[in-house]
Amino acid sequence: KLHSDLDKGVGTVKYTLSGDGAGTVFTIDETTGDIHAIRSLDREEKPFYTLRAQAVDVDTKKPLEPESEFIIKVQDINDNEPKFLDGPYVASVPEMSPVGAYVLQVKATDADDPTYGNSARVVYSILQGQPYFSIDPKTGVIRTALPNMDREVKEQYQVLIQAKDMGGQLGGLAGTTTVNITLTDVNDNPPRFPKSIFHLKVPESSHVGSAIGRIRAVDPDFGKNAAIEYNIVPGDGGNLFEITTDENTQEGVIKLKKPLDFETKKAYTFKVEASNLHLDHRFHSVGPFKDTATVKINVLDMDEPPVFSKPVYTMEVYEDTPVGTIIGAVTAQDLDAGSSSVRYFIDWKNDGNSYFTIDATEGTIATNELLDRESTAQYNFSIIASKVSNPLLTSKVNVIINVLDVNEFPPEISVPYETSVCENAKPGQVIQTITAVDKDLSPAGQRFSFRLSPEASNKPNFTVHDYRNNTAGIETRRHGYSRRQQELHLLPVVIEDSSYPVQSSTNTMTIRVCRCDADGTILSCNVEAIFLPVGLSTGALIAILLCVVILLVIVVLYVALRRQKKKDTLMTSKEDIRDNVIHYDDEGGGEEDTQAFDIGALRNPKVIEDNKIRRDIKPDTLRFPRQRPSAEDNTDIRDFINQRLHENDVDPAAPPYDSLATYAYEGNGSVAESLSSIDSLTTEADQDYDYLSDWGPRFKILADMFGEEESYNPDKVT
């Protein structure tokens with residue numbers, strides 16, 4: 001209520017209200033000054049309002065007192081329940097956790113005023129989820145309430161949490177939320193085999209590395225805690241088998257490490273151990289986290305192919321061995337209980353040449369053709385053995401035959417040497433070192449010997465020095481050599497090998513005499529250099545050659561300039577701008593050539609050209625026909641030429657250079673009109689020239705000429 005001291009209660013004072021909520025939330029009685037709320041108030045929406053009031057004279061409308069400000073505070077009541085803004089919750093806790101293990105903390109929010117009464121004091125409790133979990137009433141922390149909760153027994157729990165205001169007293173408002181709790185796995189269970197003995201049957205023909213069986217241990221744990229490792233306990237048969245773990249199924253896969261043979265051993269027994277890879281030290285007291293089982297494998301007898309006594313057979317034979325000579329044998333046996341005979345044959349699919357044969361019963365290999373080591377030094381083919389009782393069961397073995405060498409080729413110089421000797425060489429000087437090669441397969445320690453042929457021993461020019469290491473040196477035996485006397489020397493060298501029988505060959509070496517300096521460096525070996533003047537040095541020769549080359553270049557340049565100048569003069573005369581007339585070096589076709597040029601305009605301007613394309617140049621693009629206006633009657637020669645000049649100036653297809661266009665216009669007004677016969681539609685024989693006599697004395701001569709010609713025509717019938 002507002003009241004002014006100046007208000008006497010006679011209705012002369014008026015009260016006004018302004019500020020927050022004036023007129024919408026609060027209203028004032030203008031006469032009494034009573035303030036009323038016109039709608040419900042919510043503290044959570046607006047906790048207080050600031051208003052201004054004033055007393056005004058009713059008659060003068062002037063304020064009686066200064067404006068005063070006051071605050072209306074909304075007092076809170078418990079009208080909001082606690083709310084879990086983050087709910088529902090999801091949490092996890094390891095299985096087998098002790099009592100009081102932390103799980104999760106929940107929080108509820110109450111919109112009421114926490115400073116006034118207990119409207120905002122929240123207390124937490126569990127409505128569903130006991131006795132497994134507990135919650136702190138004040139903090140909302142959820143903890144485990146039972147020990148050793150096992151995930152394998154129950155994995156998921158749903159807990160219902162309540163938050164109540166007024167400190168949990170009767171009449172307080174409450175809110176709830178759900179907490180879904182999952183027990184995570186720990187390795188608290190060892191693997192266990194469902195049975196103690198596993199029986200497997202394996203054919204003896206199983207391949208090495210193939211899987212022959214699977215066993216499995218069960219671990220109720222999950223994920224990596226259920227990972228199992230399998231191992232074979234050392235003992236009977238452990239060296240023939242191995243076991244690995246299938247990562248997807250956690251099964252133990254037994255594989256074969258070595259071949260099985262029913263005739264050797266029919267059964268194997270060994271133990272397999274299954275253990276966890278990831279152990280938890282907290283559960284060591286439970287016991288060992290592993291288990292064992294026995295595996296019994298029975299080998300099944302299979303009908304097997306023959307077995308060769310060796311994996312590979314290697315044989316040797318000398319080349320040129322007579323056909324039919326036995327060089328070796330292969331042996332295969334049937335190891336099955338009912339032993340069968342074996343037949344042998346060569347796998348011709350891999351050997352296209354039938355150099356060898358094999359005895360089908362004994363397995364002996366013999367030559368079928370003469371062998372040449374230089375052609376083929378080694379043969380590699382396959383022998384197939386099959387059982388007589390079951391020819392489909394076969395086995396294969398490789399046979400390698402090395403062809404031994406027989407000394408049949410003499411040694412030769414390894415490469416063609418280019419040997420030279422200086423004119424100023426001294427006796428005993430080595431000018432070339434040579435080596436030899438032999439096409440035969442040289443055995444270890446074979447040596448070559450070098451010497452001069454007997455016919456060359458009498459010539460004291462050169463000698464051969466054998467170094468005893470399969471090389472030799474060519475040495476000089478005289479003071480100096482003259483190219484003028486002999487430029488080339490031929491030296492026969494005899495080379496022998498050390499095999500049996502001894503083979504030798506004579507190799508002729510060519511030695512060229514060259515001019516050298518004092519240090520022995522070769523300067524020239526050309527025969528032309530012999531005939532040059534003795535006193536002329538190399539520098540002088542080079543200078544002379546340079547002079548000759550320079551003179552030749554000058555002459556060539558002079559001739560080229562003369563030709564260029566002559567050509568330029570000719571081109572200038574042809575391209576002179578003062579005489580830029582297009583020349584055609586062909587003789588025209590005369591009056592009969594009606595396609596070369598259309599000279600109708602030269603005869604009569606009344607002849608209209610339709611669409612004439614230039615005949616002296618090739619048109620680039622098609623143009624639309626250009627309509628040329630006809631010359632008007634009674635136009636003089638100047639107007640006609642100006643008209644043609646304008647047409648050529650505006651013609652886009654005209655060549656981009658000056659040209660001369662000749663217009664032989666006869667003029668108009670002639671009584672005889674055009675005298676040209678180009679456009680005549682008849683031949684001369686069909687012409688009647690009698691009308692020339694009517695033209696007057698000027699055409700008397702023409703009339704007499706054509707009249708006489710007509711009268712003289714022998715073909716005319718009168």
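The values are calculated or read from the model by the stated rules, or taken from the named source; none is laboratory data. All values reported here derive from a predicted model rather than from experimental measurement. Here the Cβ positions follow ideal geometry from the backbone for every residue, glycine too, while neighbour counts run over all protein chains shown. Heads up: the accessible areas ignore ligands, DNA and RNA and are worked out on the full protein's heavy atoms, side chains in. Shrake-Rupley method; radii C 1.70, N 1.55, O 1.52, S 1.80 Å.
For the reader, a short list of remarks on this structure follows.
- In segment 348-371, residue surrounded by the fewest Cβ atoms within 10 Å (Cβ to Cβ) [restricted to those that are among the aliphatic types (A, V, I, L, M) and at pLDDT below 90]: Leu370
- Tally, over segment 484-507, of residues that are out of contact with any Lys or Arg (no Cβ under 9 Å at 6 or more places or on another chain) and open to solvent by 40 Å² or more (accessible area, probe 1.4 Å): 10
- Matching residues, segment 400-454, being aliphatic (A, V, I, L, M) and closer than 21 Å to Leu370 by Cβ: Ile400, Ile401, Val403, Leu404, Val406, Leu441
- Some residue of segment 244-256 being of a type in the set (A, V, I, L, M, F, W, C) and either closer than 26 Å to Thr184 by Cβ or open to solvent by 40 Å² or more (accessible area, probe 1.4 Å) (or both): no
- Residue match in segment 463-482 (condition: of a type outside the set (A, V, I, L, M), open to solvent by 70 Å² or more (accessible area, probe 1.4 Å), over 25 Å from Arg515 (Cα atoms) and assigned to a strand (DSSP E or B)): no
- A count restricted to segment 503-526 and to residues that are under 23 Å from Val464 (Cα atoms) and free of Cβ contacts under 8 Å to residues at least 60 places away in the same chain stands at 3.
- Residue count for segment 1-21 under the criterion of being modelled with pLDDT under 85, of a type outside the set (D, E, K, R) and either under 29 Å from Asp113 (Cα atoms) or surrounded by 12 or more Cβ atoms within 10 Å (Cβ to Cβ) (or both): the result is 5.
- Matching residues in segment 256-273 - criterion: being in a loop (DSSP other than H, G, I, E, B), among the acidic types (Asp, Glu) and either within 24 Å of Arg214 (Cα to Cα) or touching a Phe, Trp or Tyr at 6+ places or on another chain (Cβ under 7 Å) (or both): Asp261
- Within segment 61-81, being over 22 Å from Asp7 (Cβ atoms) and either out of contact with any strand residue (DSSP E or B) (no Cβ under 7 Å at 6 or more places or on another chain) or aromatic (Phe, Trp, Tyr) (or both) holds for Gln75, Asp76, Ile77, Asn78, Asp79, Asn80.
- Among strands (runs of 3 or more DSSP E) entirely within segment 138-205, having at least 3 residues that are in contact with a Cys (Cβ under 9 Å, 6 or more places away or on another chain), assigned by the TED database to the domain that holds Asp291 and open to solvent by 30 Å² or more (accessible area, probe 1.4 Å) singles out no element at all.
- Here the strands (runs of 3 or more DSSP E) wholly within segment 274-345 that include at least 3 residues being in contact (Cβ under 8 Å) with a residue 40 or more places away in the chain, under 30 Å from Leu200 (Cα atoms) and touching a Ser or Thr at 6+ places or on another chain (Cβ under 9 Å) are 290-300.
Residues checked against (1) open to solvent by less than 70 Å² (accessible area, probe 1.4 Å); (2) in the same structural domain as Ser498 (by the TED database):
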position: Ile346; (1), (2): yes, no
position: Arg373; (1), (2): yes, no
position: Ile383; (1), (2): yes, no
position: Lys396; (1), (2): no, no
position: Gly428; (1), (2): yes, yes
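- Single residue of Tyr417, Tyr355, Tyr344 found to be within 49 Å of the chain's Cα centre (by Cα) and not β-branched (Val, Ile, Thr): Tyr355
- Filtered residues of segment 64-109 (kept if among the hydrophobic types (A, V, I, L, M, F, W, C), assigned to a strand (DSSP E or B) and surrounded by 15 or more Cβ atoms within 10 Å (Cβ to Cβ)): Ile72, Ala91, Val93, Val103, Leu104
- Filtered by the rule that a residue be touching a strand residue (DSSP E or B) at 6+ places or on another chain (Cβ under 8 Å) and open to solvent by 80 Å² or more (accessible area, probe 1.4 Å), segment 310-328 gives Lys310, Pro311, Thr314, Glu316, Tyr318, Pro322, Val323, Ile326.
- The residue that is farthest from Thr115 (Cα to Cα), among those in segment 53-63 that are open to solvent by 60 Å² or more (accessible area, probe 1.4 Å) and not charged (D, E, K, R), is Thr60.
- Cβ-Cβ under 7 Å pairs, at least 6 apart or on other chains, segment 185-206 side touching a residue at least 12 places away in the same chain (Cβ under 8 Å), far side open to solvent by 80 Å² or more (accessible area, probe 1.4 Å) and among the aromatic types (Phe, Trp, Tyr): Asp185/Phe222
- Output for segment 452-462, where each listed residue is closer than 19 Å to Asp497 by Cα and surrounded by fewer than 16 Cβ atoms within 10 Å (Cβ to Cβ): Ser453, Pro454
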